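The values are calculated or read from the model by the stated rules, or taken from the named source; none is laboratory data. This is a predicted model, so every value here is computed, not measured. Neighbour counts run over all protein chains shown; Cβ positions are idealised from the backbone, glycine included. Side chains included, ligands, DNA and RNA excluded: accessible areas come from the protein's heavy atoms. Shrake-Rupley method; radii C 1.70, N 1.55, O 1.52, S 1.80 Å.
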Amino acid sequence: MQTDTKTLFIETVGCQMNVLDSELVVGSLRRQGYELVHEPTAADVILFNTCSVRQHAEEKIYSALGRLRQHKRNNPDIVVGVLGCMAQKDQGEVRRRAPHVDMVVGTGQLARVPELVAEVQKTRIPQYALSLGRADGGKHAVTASFESFDPPRDASMRPTPFQAYVRIQIGCDKFCTYCVVPTTRGPEQSRHPDHLVAECRQLANEGCKEVVLIGQTVNSYRFDHGDGRTTRLSDLIARIHDVGGIERIKFVTNFPKDMTDDLLDAVRELPKAVKYLHVPVQSGCDEVLRRMKRLYTVGSYREMLHRCREKVPGVAISSDFIVGFCGETESSFQMTMDLVREARFKNSFIFKYSPRPGTKADDLYPDDVPEDVKKRRNNDLLAVQNANSLDDHKARVGETATVLVEGPSRVGERQPAGGMRQLSGRTMTDHIVVFDGHDRLIGQTLKIHVREASPFTLYGVADTGEVAGGELTPRAESASPRRTLPLV
Ligand code: 5AD
Ligand code: SF4
């Protein structure tokens, strides 16, 4: 254990919201003199930023905590903290299952992490910082107890300085019956557009080229100025569009019913808006959607898809699916297969239903689809999606794409840094392209000639005249490491 420099380890699971929260927590502790280390056993403070969306994510954290028990016994001065969704959801249960945890801090209380770490170090008394449950007080009190955590940004804490998540909204008010997020992240609240524009300006000054605006239902962003004016997502994108240095504006995740024409017009008209929409449908069966309380039908979702493609020609659309939700029959699943066959999603994130204690679905409906059936449906749906992704990718062979180079591909990560290796980037429709190039291209926007395609990746040649001439070998495993995770 080091005594002179204070060290910090953080493990993050879950969505982009958590990735951003961890970046900000690390930034705030670095300002207190902490240095990030990559081994928990080398750290004075060990933090887990957690996810509760599926049971598997929680088990992963409880196992990691279990592995630390002996280490903590040998080093009683270290601080072990559980942050985020699991902290807010399980509260005292965290310390019942892992009594060596010193700090339990919910999603709406992350600003207090530095202060709580110091308190544990001083008193050795376990610290809790949690927001109110959705039914534990009046609307105002509950909302106020979930604070958006927006400290100054620290470019060195991001995997790439030229890309950044910007949180435009916290919480969710949709209450889909399977989902814990309205509980773990509280009521929906949109941040002030002036603050968001200022944050984007600061990011741009630090060299950021792409901002990804994040919210659980990002397209329901709405800031009421209190004087009759409101700012919608389309208005916000237009304002960020004026920030010099920002080249790309992306936003995730969209709720189908909130996909308004003004937003689609903005995506079409504004050159910096990425022509990509992640709009999870979850199921292709109306009866399942009703039990999920998704507030739309398959027919209205199809109309929305049609409207997106009509208003934004060439737009790429992706979706999330839950297979094996309560009461999903073989024929309801076949309706989902039909939807995926015809919808031409760029890609789909497919999950097996995981019952979450405290949700409506867990109270109301038995988890009646056996695990092996969930698994089979997951594989069947993935096979249909992969065939469509391959068709979509093949149709792009021969195109010249504008690619923001993100870093080495998975293959490139195993090649020596600093010279030519396989790099990976994304097109304006969020398609992953890998190509051979020099490391100095990382962070640049380039023209890439697309030569080959696999279901996950496009393979191309850079338009820079410095290609090594290495053979293009499409291999599924070389898909970019920066797979965008769905947001919840
Ligand atoms: N079980 C399985 N998948 C879930 N998701 C949300 N809650 C659950 C659950 N209880 C999925 C949805 C959402 C994605 C991020 O996670 O598809 O869009
Ligand atoms: Fe909200 Fe998305 Fe969860 Fe539905 S699935 S409750 S929209 S976060």
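Table for the structure above
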{"item": "Given (1) within 16 Å of ligand 1 (Cβ to nearest atom); (2) of a type outside the set (F, W, Y); (3) in contact (Cβ under 8 Å) with a residue 12 or more places away in the chain, number of the condition S389 does not satisfy", "result": "(1)"}
{"item": "Checklist (1) over 24 Å from the mean Cα position of the chain (by Cα); (2) free of Cβ contacts under 8 Å to residues at least 24 places away in the same chain; (3) over 22 Å from Y178 (Cα atoms); (4) assigned to a helix (DSSP H, G or I) applied to E93, failing item", "result": "(3)"}
{"item": "The range 264-300 - residue that is touching a Cys at 6+ places or on another chain (Cβ under 8 Å) and part of a helix (DSSP H, G or I) and, of those, nearest to K209 (Cα to Cα)", "result": "L264"}
{"item": "Pairs with Cβ under 8 Å, 6+ apart, first in the range 163-182 and within 12 Å of ligand 1 (Cβ to nearest atom), second in a strand (DSSP E or B) and open to solvent by less than 30 Å² (accessible area, probe 1.4 Å)", "result": "C176/Q282; Y178/I322"}
{"item": "Qualifying position, being open to solvent by less than 20 Å² (accessible area, probe 1.4 Å) and within 15 Å of A111 (Cα to Cα), among V79, V25", "result": "V25"}
{"item": "Residue check, R356 charged (D, E, K, R) and assigned to a helix (DSSP H, G or I)", "result": "no"}
{"item": "Filter result for S354 (within 23 Å of the chain's Cα centre (by Cα) and more than 16 Å from ligand 2 (Cβ to nearest atom))", "result": "no"}
{"item": "Among (1) open to solvent by 10 Å² or more (accessible area, probe 1.4 Å); (2) within 24 Å of I432 (Cα to Cα), the one test that L277 misses", "result": "(1)"}
{"item": "Complete set of residues in the range 228-286 that are among the acidic types (D, E) and within 16 Å of ligand 1 (Cβ to nearest atom)", "result": "D258"}
{"item": "Of all residues making up the range 157-180, the number that are more than 8 Å from ligand 2 (Cβ to nearest atom) and either part of a strand (DSSP E or B) or of a type in the set (V, I, T) (or both)", "result": "10"}
{"item": "Residues of the range 287-313 satisfying the condition of being away from ligand 1 (no atom under 16 Å from the Cβ) and touching a Ser or Thr at 6+ places or on another chain (Cβ under 7 Å)", "result": "E287"}
{"item": "Where a residue in the range 202-213 is closer than 16 Å to I442 by Cα and its partner, wherever it lies, is part of a loop (DSSP other than H, G, I, E, B), with Cβ under 6 Å and at least six apart", "result": "G207/P161; G207/F162; C208/F162; K209/F162; K209/E247"}
{"item": "Of all residues in the range 413-445 being under 23 Å from V312 (Cα atoms) and of a type in the set (A, V, I, L, M), the one that is least open to solvent (accessible area, probe 1.4 Å)", "result": "V433"}
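Listed here are the residues, each with its yes/no results for (1) of a type in the set (D, E); (2) more than 13 Å from C85 (Cα to Cα); (3) part of a helix (DSSP H, G or I).
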| position | (1), (2), (3) |
| --- | --- |
| E11 | yes, yes, no |
| H38 | no, yes, no |
| T41 | no, yes, yes |
| H56 | no, yes, yes |
| K60 | no, yes, yes |
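One line per residue, one yes/no per condition, for (1) of a type in the set (A, V, I, L, M); (2) open to solvent by 50 Å² or more (accessible area, probe 1.4 Å):
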site	(1), (2)
E115	no, yes
S131	no, no
T143	no, no
S148	no, no
A155	yes, no
